[in-house]
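The values are calculated or read from the model by the stated rules, or taken from the named source; none is laboratory data. Quantities reported herein were computed from a predicted structural model and do not represent experimental measurements. Here the Cβ positions follow ideal geometry from the backbone for every residue, glycine too, while neighbour counts run over all protein chains shown. Note: areas computed on protein heavy atoms with side chains; ligands, DNA, RNA excluded. Shrake-Rupley method; radii C 1.70, N 1.55, O 1.52, S 1.80 Å.
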Amino acid sequence: MRARWWGTGAVVAAAVCGTLVVQGVSGGDSGHDGKTAAAPVRDRVRSAALDVRGDGTGATLARRDAKPFSMLGVSWEKPSARLAGKVEVRSRAVGSGKWSDWLLLDSDRGAGEQKAARGGTEPAWVGLSDGVEARINGKATAKLPAGLRLDMITAAGKSTGGDAEPAAYVADGPDDTGEPVATDTPTPTSEPTDVTTTDPAPPEETTAEPSPGESSTEPPTDSPSASESTGSTGSTGPTDSAPPSDSATPSPSLSVPTAPRSTVPRPPITPRSGWQADESISPEAPTYIDGRIKAVVVHHTASTNDYTCAEAPSIINAVYTYDVTGLGWKDLGYNFVVDKCGTIYEGRKGGVDLPVVGAHAYGFNSQTTGIAVLGTYVDSPPPMAAMASVARLAAWKLGQYGVQPDATVTLTTALSGQNLAGRTWEPGEEMTLPAIHGHRDGYNTLCPGDAFYAALGTVRTLAAGPVTGLTLGTVTGTGTVGTTPYTNGPLTVSWSTTTPASLISSFRVLVDGRTAATVAGSATSAKLTLPAGTHKVQVEAVHQSGRTATSAARTVVADTTAPTFTTKPNLSLRTGTVNTTAVPLTLGWKAADNVSLKETRLTAPFARTYGPTVTSAAQTAKSGAATAWTLRAYDTLGNSASASVSGTPVILQETSATRSGSWTTKSSTSYLGGKSLGSSTKNASLTWTFTGRSVGWVVSRASTSGQADIYVDGTRLTTADLKSSATAYRNALWTRTWPTSAKHTLKIVVRATTGRPAVTTDGIVYLK
């Protein structure tokens, strides 16, 4: 057999047991900024021929053991051939020995590559497996393409991708990429070397022997090295310059175009070294679109969703190996790959900020860029993290060429074709498509899956803006009166959106339509202080595109006015039992607020809290001692005001009174001071003189007690009846209070009531 070097990279073709075997070549790679990249990963492809039924409409690969592999796909001889049928594979997991369910492979990747060696299905990541089975059920009206085989890719690197560059490390420039154009036969770019066609010998560098029915071949050791990266770094700022002229023809020139500036920020992109691409297997230089990128084509890789995001680099490397060494493409078909966690990876080399021609959209590669999400999204869309990254990336790439992500664009067909909806076209026709559209819109494929395709409207909205689902949440630092929030100082305004923070530039808090605070797009709240008065508070979200969305307004009243004591705190004597350590008092007040009074707190001589409608409280105080009573009124917002009053209760014994008539001294420990005066004589009297603002007459009471007239400052005010069903001592029977302190006289006169003439008095108590 004779070997040949094709321009798509090093591919060795050998007839081994009737099976074509292809194998990648290893090579080195240097990181950017002088950093040494992780060593490239050399994946291996093993292949096994399928047994085709006699009528050519079906094929199988019987269940068998295999050397460990992680990805598989089905390929055939002619890239131009189409497989009309159902392709299914299953695998056996290493360790558990459990066989998977049948996995349906998309029977046509739908990408054209100029020098492709074979046609093939989408590859499927199945995890580390050591057994395989395949079946193809074709259509009765169409025979299967020739040369059917199952390609099994062994991931040689760590599945964790632990040696990869971090996601935020962005490639500095273009690497070597290729150009897909319409062709049915591989066309070398350089003079091929001779390949022997007889007695193929195994390569010098070999691995473990393949399982029965498999074949495996290593590349020659003198393979070309990977090309050097020489591109430019994209910038993220806006530009007023016009985009490059439109063209649907890829340029064969090796000249590197200038990266246009985008109108939106560039997202973090993990370079090819981050998935440890072996650049030696795809040494051909990249090709660039001669014009502008008009649209983004969205794909899924139609593989398992049950991968960890640490495995994503290994999955991408395996797809790369399948594309290059399995199908003979010059490089990975997709321009970018996104995993389900939202990490963006550089796909086809050439410079992430440059218009690299991919091999992802047959007939439209020279006008579009391709983004693939790892996984199958037929029944459910990708996680929001992945869709947000697709939106960010699409917006950035389209923003380099002045295309709005939610616009429609006109693409010129390069080849005849048909899409999944049944629409057909011929070369040179114009098609109107969304700027972000699914692979099925330009090719007859299920890609990117029904659920993902249905969610592309969300991706467009995420990419184009404005921010969606903006809702003003709580306004803390306030009190609520009715349904209106009030504040007396700093407050915190919170909000939420359905748009991920990665697509939001900033938030602005608007007060009466003017910006009062600006915070980053990752923030969910902001602090501010309102001037006094009634205000309308809103939140404005600024999308990375510059489009804005504004929340509904909420009325917030800023109030720093403290409550007032419309009735100052005051003290008065009240009825009740008098002790030298506890003279009964009433503490009175009245507080009010311009908005809403919350409570009044007694802070001295001890603590009590009273509701907003309470205006007095029963207290006691020690006689002969001055006591200060302090109150603080609070409104709903926490504004407060304080006021206080002081008073000294004084007991005047009966012995200090001026007497008239007959009075008898009585002794008992129940009396104030141990003594009292009693009289049953009509008109007998006692008179006390004092200076104060409140006074109370202290007596003893029983069922036989009589009555007495009470005079204040010479005026009879009332008749007090001392009769009581229960005996009581030191009882303040009657009190009188004045607005201010003054000198007064209190006189009691015995009425000598028939049947119960006796009056017994302990004295008086007054408040000064």
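Residue pairs, Cβ under 7 Å, 6 or more apart or interchain, first in segment 56-80 and touching a residue at least 60 places away in the same chain (Cβ under 8 Å), second in a loop (DSSP other than H, G, I, E, B) and among the hydroxyl-bearing types (S, T, Y). List them.
Here the result reads R64/S211; D65/S211; A66/S211; K67/S211; G73/T121; V74/T121, each pair linking segment 56-80 to a residue that is in a loop (DSSP other than H, G, I, E, B) and among the hydroxyl-bearing types (S, T, Y).
Quick one: would you say K115 is surrounded by 23 or more Cβ atoms within 10 Å (Cβ to Cβ) and among the basic types (K, R)?
yes
For residues that are within 16 Å of L456 (Cα to Cα) and open to solvent by 10 Å² or more (accessible area, probe 1.4 Å), scanning just segment 390-404, find the one that is nearest to the chain's Cα centre (by Cα).
Applying the filter and picking the extreme gives R392.
For D130, are the conditions met, namely being of a type outside the set (A, V, I, L, M) and either free of Cβ contacts under 8 Å to residues at least 12 places away in the same chain or open to solvent by 50 Å² or more (accessible area, probe 1.4 Å) (or both)?
Spelling it out, it is not the case that D130 is of a type outside the set (A, V, I, L, M) and either free of Cβ contacts under 8 Å to residues at least 12 places away in the same chain or open to solvent by 50 Å² or more (accessible area, probe 1.4 Å) (or both).
Here are some residues: N444, N365, N419. Which one is of a type in the set (S, T, N, Q), open to solvent by 10 Å² or more (accessible area, probe 1.4 Å) and in contact with a strand residue (DSSP E or B) (Cβ under 8 Å, 6 or more places away or on another chain)?
N444
Pick from L510, L530, L602, L597: which is in contact with a Pro (Cβ under 7 Å, 6 or more places away or on another chain), crowded, with 18+ Cβ neighbours inside 10 Å and without any contact (Cβ under 8 Å) to a residue 60 or more places away in the chain?
Only one candidate qualifies: L597.
Where in segment 326-373 are there strands (runs of 3 or more DSSP E), lying fully within it, with 3 or more residues that are under 18 Å from D290 (Cβ atoms)?
Once the strands (runs of 3 or more DSSP E) in segment 326-373 are filtered for at least 3 residues that are under 18 Å from D290 (Cβ atoms), what remains is 368-373.
Scan segment 629-650 and give yes if some residue there is closer than 13 Å to G763 by Cα, open to solvent by less than 60 Å² (accessible area, probe 1.4 Å) and of a type outside the set (K, R), otherwise no.
Scanning segment 629-650, I find at least one residue that is closer than 13 Å to G763 by Cα, open to solvent by less than 60 Å² (accessible area, probe 1.4 Å) and of a type outside the set (K, R), so the answer is yes.
Could you list all residues from segment 556-571 that are open to solvent by 40 Å² or more (accessible area, probe 1.4 Å) and within 29 Å of L472 (Cβ to Cβ)?
Of everything in segment 556-571, those that are open to solvent by 40 Å² or more (accessible area, probe 1.4 Å) and within 29 Å of L472 (Cβ to Cβ) turn out to be T560, T561.
Let's see how each residue does on (1) at pLDDT 95 or above; (2) touching a helix residue (DSSP H, G or I) at 6+ places or on another chain (Cβ under 6 Å); (3) in a loop (DSSP other than H, G, I, E, B):
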{"position": "V583", "(1), (2), (3)": "yes, no, no"}
{"position": "G588", "(1), (2), (3)": "yes, no, no"}
{"position": "A591", "(1), (2), (3)": "yes, no, no"}
{"position": "T600", "(1), (2), (3)": "yes, no, no"}
{"position": "V614", "(1), (2), (3)": "yes, no, yes"}
{"position": "S623", "(1), (2), (3)": "yes, no, yes"}
{"position": "A633", "(1), (2), (3)": "yes, no, no"}
{"position": "S642", "(1), (2), (3)": "yes, no, no"}
{"position": "T655", "(1), (2), (3)": "no, no, no"}
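Six or more apart or on different chains, Cβ atoms under 6 Å: show the pairs whose first residue is in segment 462-486 and under 28 Å from P265 (Cα atoms) and whose second is part of a strand (DSSP E or B) and of a type in the set (A, V, I, L, M).
As it stands, the answer is P466/A549; V467/I504; V467/A541; V467/A549; L470/A541; L470/A549; L472/V539, since those pairs meet every condition given.
Any residue at all in segment 261-273 that is in contact with a strand residue (DSSP E or B) (Cβ under 7 Å, 6 or more places away or on another chain), open to solvent by 10 Å² or more (accessible area, probe 1.4 Å) and among the charged types (D, E, K, R)?
No: segment 261-273 contains no residue that is in contact with a strand residue (DSSP E or B) (Cβ under 7 Å, 6 or more places away or on another chain), open to solvent by 10 Å² or more (accessible area, probe 1.4 Å) and among the charged types (D, E, K, R).
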